[in-house]
Amino acid sequence: MTSEYEDAYLEVENLVKYFGDDKAVDGISFGIPKGAFLTLLGPSGCGKTTTLMSIAGLHSIDGGRIRVGKTVFTSPKEGLFLPPEKRDIGMVFQSYAIWPHMTVAQNVAYPLEIREWQRSDIDDRVAEVLKLVGLTDWADSLATNLSGGQQQRASLARAIVSNPSLLLFDEPLSNLDLKLREHMRVELKRIQNEVGITSIYVTHDQSEALVMSDEIIVMSKGKIEQRGGPLEIYSSPVNEYVSNFIGVANLMQAKVVEVSETGIGKVEVSQGGQAVKLMCRLGPGIEAGKDAVLSVRPENVHAEREGGEGMLAGECTHAIFLGSYVDCRVKWGDFEWKVITHPRNHPRTGEKVYLRFDAEHTLAVQP
Ligand code: ATP
């Protein structure tokens, strides 16, 4: 029998992992091509780290199969388990895990020493990798004299120095302050791009996932909710959970009135005695007559001064100027819409406004 991802470079097939009676990973499957950057994203406890550790071989697994290239890493059914040190993997963790009594260059050289490289080759490769991560001037400093961001660069250098077949990242930026984290996201992605090593990145931070990834897998309770590119996950979430987890969304209960093969349909939303039918894009599994959740990003709700058909009449309850945009709230019945408007033409607090929606950017998804 062939599997869905047999052409992929890394293939995880139906991975199951229990801790006692608890299923931490519940039969997930995915595959990625060589050189890709995939992020496992989800809240604490959804099984991201367990998946990563299973790929690394730091956990045994209870079911499924993990393969990289032509090498099967783990397959309990076939009695296969390749020990972690034979998997040719580089890892970067939240804690920098660099050795304090060694210099930066010694830290980075270590994986090559245990592989018994020639001294001159080690020196050349270490210099090359330190240049790549921007630590050339720190080669002879004790690792503990580096800042958090620099220590994380040193860990990355150590992880890539042997040019492993796979790079695994477990929340590597969470210990850094916000500004440095934002800078390091871009740096890390640049370096990964340059070395081209297939990477799996674990984070609970959705903006990190959006900035860095070629593809994102959104997880919940040991399962995959959705997989796709950052834009796809953001603009076409498949359900309420993903809409809510990625970015900001207005989420409102709705009744599906009409569906069509074009993928555009109609839903009815109601609040405080007002009911309005809105044209919208239909997510997977949306059926006429059923309940759905309307998901609209704040930048896709348009606040107008004149009303019309398919518009909601509300009141602006606050408008905060944030430089390039104005963050407004518009009350419609008991529901408060989040609306982002242009600073040149935004509603004022207390003003009556009419909310307009375009079908293309208004989405009905499964609850
Ligand atoms: P976090 O970011 O908090 O680590 P996560 O999404 O990576 O979250 P996992 O660490 O994979 O989640 O944990 C998934 C589930 O497995 C959780 O319920 C967790 O409590 C449990 N779990 C993880 N590791 C162990 C372990 N070594 N022993 C027992 N239970 C564990």
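The values are calculated or read from the model by the stated rules, or taken from the named source; none is laboratory data. No experiment lies behind these values; they were computed from the predicted model shown. Positions of Cβ are backbone-derived with ideal geometry, glycine not excepted, and every protein chain shown enters the neighbour counts. Surface accessibility is based on the protein's heavy atoms, side chains included, excluding ligands, DNA and RNA. Shrake-Rupley method; radii C 1.70, N 1.55, O 1.52, S 1.80 Å.
Remarks
- Stokes-Einstein, applied to the Kirkwood radius of the chain over Cα pairs at a viscosity of 1.306 mPa s and 10 °C, places its translational diffusion at 69 µm² s⁻¹.
- Normalising by residue count, the stretch 110-253 has a Cα convex hull of 132 Å³ per residue.
- The stretch 129-177 - Kirkwood radius from inverse mean 1/r over Cα pairs (Å): 11.6 Å
- Here the Kirkwood formula, the inverse mean of 1/r across different C-alpha pairs, assigns the stretch 45-170 a hydrodynamic radius of 15.7 Å.
- Each semi-axis of the equivalent ellipsoid for the stretch 104-148 is √(5λ) with λ an eigenvalue of the Cα gyration tensor; in descending order they amount to 19, 11, 8 Å.
- Of the three principal axes defined by the Cα atoms of the stretch 150-189, the extents in descending order read 30, 16, 16 Å.
- Inter-label distance, nm, simple model (7 Å from Cα along the C-beta direction), Ala275/Ala127: 7.7 nm
- Efficiency of FRET from Cβ geometry, Leu80 and Tyr18, R₀ 25 Å, rounded to 0.05: 0.85
- Reference-scaled alpha-carbon Rg (2.2 N^0.38 Å with N residues) for the stretch 1-105: 1.16
- Protection-proxy order for peptides 49-56, 4-11, 317-324, each taking the mean of Cβ atoms within 10 Å per residue, highest first: 49-56, 4-11, 317-324
- As a size descriptor, the averaged projected area of the C-alpha convex hull of the stretch 202-257 was calculated at 4.4 nm².
- Ranked by how many other beta carbons lie within 10 Å on average, peptides 156-169, 131-144 from highest: 156-169, 131-144
- Working from the Cα coordinates of the stretch 138-205, the gyration tensor eigenvalues give, after taking √(5λ), semi-axes of 19, 17, 10 Å in decreasing order.
- Ligands, DNA and RNA left out, the accessible area of the chain computed with a 1.4 Å probe is 49% carbon and sulfur.
- Simple rule: put +1 on each Lys or Arg Cβ and -1 on each Asp or Glu Cβ in the chain, find the dipole, and look at Leu178, Ala105, Pro164; the Cα lying farthest toward the positive end is Leu178.
- Solvent-accessible area of Glu268 with every protein chain in place, 1.4 Å probe, in Å² to the nearest 10: 60 Å²
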